[in-house]
Amino acid sequence: MKTVFILMDSLNRHYLNAYGSSWVETPNIDRLAKRGVVFDNHYSGSLPCMPARREIMTGRLNFLESRWCPLQPFDEAYPRELNKQSGTYSHMITDHYHYFEAAGSGYQAPFNTWELMRGQEGDHWQPRVKDPEIPVYRGKNRRQDWVNRLSMDLERDEDYPTPQCFMRAIDFLQNNHDQDNWLLHLEVFDPHEPFVCPQKYRELYADNWSGPYHFDWPNYAPVDTEYEGPDAIDHIRKGYAGTLTMADVWLGKFLDKMDELELWKDTTVILTTDHGHLLGEHGYWAKNYMFDYRKLAHIPLIAYRPGSPMNGKRVQALTTTIDLMPTLLELHGAVPSGYVQGKSLVHLLEKDEKHHDAVLYGYFAKDISLTDGRYTYTRQPLRDSVAYHYTATPVISAQTPEQYEHAELGKFLPQTRMPVYRVPEASRRHHNAPDHHLLYDIGKDPEQTSAIRDHALEEHYASKLLQLLKQYQAPEWQYARMGYI
């Protein structure tokens, strides 16, 4: 068996034709969707970037016990397990530079080999002592991002890291198509912000922005309606669409190589993302601080496996990010340990049947949300409550001494006998949170505009959330933090 696992960052489900969009050009994601299985009820688990990747690697919910952190020495990372159990060769190609920062390090280590394409966002890449010229702008600004852009021809696809990732992946196929038992982890940063792409992609969407400031990277903040009106929102959405279409074009070149080498007969292809990204919806930019709307947590998943009866069809079963790790293991004949919390999706490629009855999603130290596919229930932490981050690899930064001043060291985690640090952190509620938990009927209110108050239903979902906390071995302090004790 050969497997290609494609991860695109911040890929909004509602921007894809396979999920009902009609205006964004993604013919190659459409092409894969027609060939494979489209999962209609797939959800994030831990948000944002590195928490999602840790649970992709390990099959365990990260946000119940850790914030954004390095891969831990006790983690059962899927590439290592594949190699140990099945002799599977794994290779990672990525431009996701967070893998190589102190706060998210170590994730490349379990692969046999890996490549990093440089230059995304604030990647510490091009050296320039002299400050670059920076235009009048709104939104986020990083000196290094402007420096990196100076090294590129911004009208040439091949100068962008995401197309470079696909080019390297095409080379991998060319060099290894006649071998068996390998996995390619192909991970591209786009369509993550900043939304930068050649003008030809913006022209597809008639992006004629002529505002008084440069704007391709909104702040992680509510939309400032005084300065960021409908034209600015439209500009950002079209910039996102252009960046997504550029990535799709190069995905198409990769799929063309699959066609040329006749790899569809013995290669599984899985495409998904970590989370969505708000582009002015609900009055917000980006992610992290607001209520965890479905537009952030309800994400795309498309999978093709040679000969699967469900190819060309859709799956309604409820699935989540922690299911990816055991799926990759099963595809190559490996078996997850009892500490893995996800469940393999392979049976859903044979038949659409029951999988999870409910799943959890959220951010460390913030709200905890649940969905069963019909309702979402969001439980907010008690005010002044405390969360605890567990790690065996403290990240060294200017804040490290202060952060670890009250840390404890002990054997706190069920999945390892290794002592870890337990670091306290204040809980937080989402922006503009009300004084009650939130229940939405997403069958009738998919945009989650009007929370419903139904005592019996709220009690049912509060009980279900408690059941899942126990199932997923949540630390004891989570029960107190969420008002169950």
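Some notes on this structure:
- Some residue of the range 220-235 being under 16 Å from the mean Cα position of the chain (by Cα), assigned to a loop (DSSP other than H, G, I, E, B) and surrounded by fewer than 19 Cβ atoms within 10 Å (Cβ to Cβ): no
- Of the residues SER66, SER86, SER46, the single one that is touching a Pro at 6+ places or on another chain (Cβ under 8 Å), modelled with pLDDT of 95 or more and either farther than 24 Å from ASP372 by Cβ or of a type in the set (S, T, N, Q) (or both) is SER66.
- Residue among GLU158, GLU121 that alone is surrounded by 12 or more Cβ atoms within 10 Å (Cβ to Cβ) and under 22 Å from VAL188 (Cβ atoms): GLU121
- Taken together, the criteria exclude ARG60 from residues that are closer than 29 Å to TYR107 by Cβ, charged (D, E, K, R), in contact with an Asp or Glu (Cβ under 9 Å, 6 or more places away or on another chain) and part of a helix (DSSP H, G or I).
- The residues of the range 37-55 that are of a type outside the set (Lys, Arg) and over 25 Å from TYR240 (Cα atoms), listed by number, are VAL37, GLU55.
- Of the residues examined, PRO110 is not one that is in contact with a strand residue (DSSP E or B) (Cβ under 9 Å, 6 or more places away or on another chain) and either under 30 Å from TYR227 (Cβ atoms) or not assigned by TED's automatic domain parsing to the domain that holds GLN72 (or both).
- Leading residue by the ranking (farthest from MET50 (Cα to Cα)) among those in the range 183-226 that are among the small types (Gly, Ala, Ser) and modelled with pLDDT of 95 or more: ALA206
- Output for the range 1-27, where each listed residue is among the charged types (D, E, K, R) and either part of a helix (DSSP H, G or I) or under 20 Å from the mean Cα position of the chain (by Cα) (or both): ASP9, ARG13
- Qualifying residue in the range 368-388 (condition: β-branched (Val, Ile, Thr), out of contact with any Lys or Arg (no Cβ under 9 Å at 6 or more places or on another chain) and outside the structural domain of TRP477 (by TED's automatic domain parsing)): no
- For the condition on the phi > 0 side of the Ramachandran plot and in the same structural domain as HIS460 (by TED's automatic domain parsing), ALA286 does not qualify.
- 1 or more residues of a type in the set (Phe, Trp, Tyr), at pLDDT 95 or above and touching a strand residue (DSSP E or B) at 6+ places or on another chain (Cβ under 8 Å): qualifying strands (runs of 3 or more DSSP E) within the range 380-485: 386-391, 420-426, 438-441
- Some residue of the range 317-332 being surrounded by fewer than 24 Cβ atoms within 10 Å (Cβ to Cβ), at pLDDT 95 or above and more than 20 Å from VAL4 (Cα to Cα): yes
- Any hit, the range 102-115, residues being on the phi < 0 side of the Ramachandran plot, assigned to a helix (DSSP H, G or I) and either modelled with pLDDT of 95 or more or surrounded by 20 or more Cβ atoms within 10 Å (Cβ to Cβ) (or both): yes
The values are calculated or read from the model by the stated rules, or taken from the named source; none is laboratory data. Only a predicted model underlies this, so the values are computations on that prediction, with no experimental measurement involved. As a convention, Cβ positions derive from the backbone with ideal geometry for all residues, glycine included, and neighbour counts pool all protein chains shown.
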